[in-house]
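Laboratory data are not the source of any read-out in this text; all were calculated from the coordinates shown. Because the structure is predicted, anything quoted here is derived from the model rather than measured. Cβ: placed from backbone, ideal geometry, glycine included. Neighbour counts: every protein chain shown.
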Amino acid sequence: MTVLVTGGAGYIGSHMVRALVDAGESVVVVDNLSTGFSALLPEGVPLFIGDAGDENLVEGVIAQHGVESIVHFAGSVVVPESMRDPLGYYRNNTMTTQSLLNAAVRSGVSRFIFSSTAAVYGNPEEVPVPETAPTRPLSPYGMSKLMTEIMLHDVATAHGMSYVVLRYFNVAGADPLGRIGLSTIGATHLLKIAVEAATGQRAKVDVFGSDYPTPDGSCIRDFIHVTDLVEAHRSALSYLRAGGGSVTLNCGYGRGYSVLETIEAVRRVSMRNFAVSHAPRRPGDIMTMVADTGRIRTLLDWTPKYDDLETIAAHALAWEQKLFLERGGPLQQAESA
Ligand code: UDP
């Protein structure tokens, strides 16, 4: 009864691996370490360094470890980067999953949990947005994930697989015990940028767009703590093991905070009044993205524990401070994630 976690050395994947190990599960990881770090894995977890789309590798791992379920995190996650490099996103997200599914089908793995995104909705007509809303992604990132969702649905139907697609809203925060967190160099996500500013690694935070028709003019996001997100995955796994049918679920708290409110939360918890400047809108950005969480709360046994922006900001900050000390000072160079 081993769980294969692809991208298990990455930000969310490494939190999932910890949670599974803490729960006494047998886990194996495939990660190409393009953005992940082997140091984020707990001792004793086998790591196969390679691509989740390498069918020979994956089939070997499944056979060797008796894998019964796959939790697929590996992929690229930066909206603006996907606008510049769509083919890279279709390769890393869509084609990789095609190969992974091929290996899963050939090996008889019948349970699959897939990391999707709220970006599949594009600009929603209805907020909070339910899973039944039309899917009209505005970026190759969102499209690459939507294509994967469709493929997974067809594969599951044809081959007797059961899946849970989890559409993540904005994942942030870090392990409350401070063991792991977002370590990517050159990360572009708002909370990461803000805690880098709070720890003196950046001179300022740019707010991309202050003229949206929202209460304070900036975009609105539904931030979910990485630990709660991981618990949703564990609960999805239990659901599938109990014979639950394939389903697509939003993963958020159902509450939105603006970019400016988020920056203020980081200023408050860090007690650092770092500079904030107004910048043009970022291409591909969605104005307001908040989850309708009715389905996940009904279907899964899932009660969020960290539904509080300041707690999320505090955990992200604590991890950033630790990382800053370990890396021995400010980042000299920001590499692309
Ligand atoms: N954002 C910002 N400044 C930054 C990074 C992000 O104003 O340095 C904004 C971004 O334009 C978006 C929101 O914060 O409105 C969330 O962006 P992020 O990249 O964190 O996640 P996304 O919602 O794009 O997945």
Computed over the chain, the relative contact order (Cα-Cα under 8 Å, seq sep at least six) in percent reads 19
Per residue, the convex hull enclosing the alpha carbons of the stretch 130-215 has a volume in Å³ of 198
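Among 271-284, 34-47, what's the highest-first ranking by average C-beta atoms within 10 angstrom per residue?
Ranked by mean Cβ neighbours within 10 Å, highest first: 34-47, 271-284.
Size of the dipole of the stretch 84-238 about the Cα centre, Lys and Arg at +1 and Asp and Glu at -1 on the beta carbon, nothing else charged, in debye to 20? Working shown, then result.
Values: 13 positive and 14 negative charges, 118 e Å.
Once rounded to the nearest 20, the dipole reads 560 debye.
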Which of 101, 57, 325 fluctuates most in a GNM of the chain (C-alpha springs under 10 Å)? That residue is 325
To the nearest 10 degrees, the tilt of helix 309-326 (Cα long axis) against the first principal axis of the alpha carbons of the chain is 90
With T = 37 °C, eta = 0.692 mPa s and Kirkwood Rh from C-alpha pairs, the Stokes-Einstein D of the stretch 170-300 in µm²/s is about 200
Of the convex hull enclosing the alpha-carbon atoms of the chain, the direction-averaged projected area in nm² is 15.6
Row for the stretch 10-83, column shape: gyration tensor on C-alpha, a ≥ b ≥ c, rounded if a/c < 1.5 i.e. under 1.5, prolate if a/b over b/c, else oblate; value oblate
Note: the stretch 225-337, point scatterers on Cα, Debye, no solvent; log10 I/I(0) at q = 0.23 Å⁻¹ equals -1.31
Expressed to one decimal in nm², the mean projection of the alpha carbon convex hull of the stretch 1-150 is 9.2
Taking a ≥ b ≥ c as the square roots of the Cα gyration tensor eigenvalues, with a/c under 1.5 meaning rounded and otherwise prolate when a/b beats b/c or oblate if not, the stretch 69-152 comes out oblate
With Cα coordinates, the longest principal axis of the chain makes an angle with the long axis of helix 226-241, in degrees rounded to 10, of 20
Computed for the chain: size of charge dipole around the Cα centre, +1 on C-beta of each Lys and Arg, -1 on C-beta of each Asp and Glu, debye to nearest 20, value 280
Most fluctuating of 168, 212, 257 in the GNM of the chain (C-alpha, under 10 Å) is 212
Ranked output for segments 242-251, 194-203 by mean other Cβ atoms within 10 Å, highest leading, reads 194-203, 242-251
Residue separation between residue 126 and residue 157 times 0.36 nm, minus their alpha-carbon distance, gives in nm 8.2 nm
So, with points 7 Å from each Cα along the Cβ direction, the residue 216-residue 34 label distance in nm works out to 3.5
Taking the stretch 177-218, the equivalent ellipsoid from its C-alpha gyration tensor has semi-axes in Å, biggest first, of 25, 12, 9
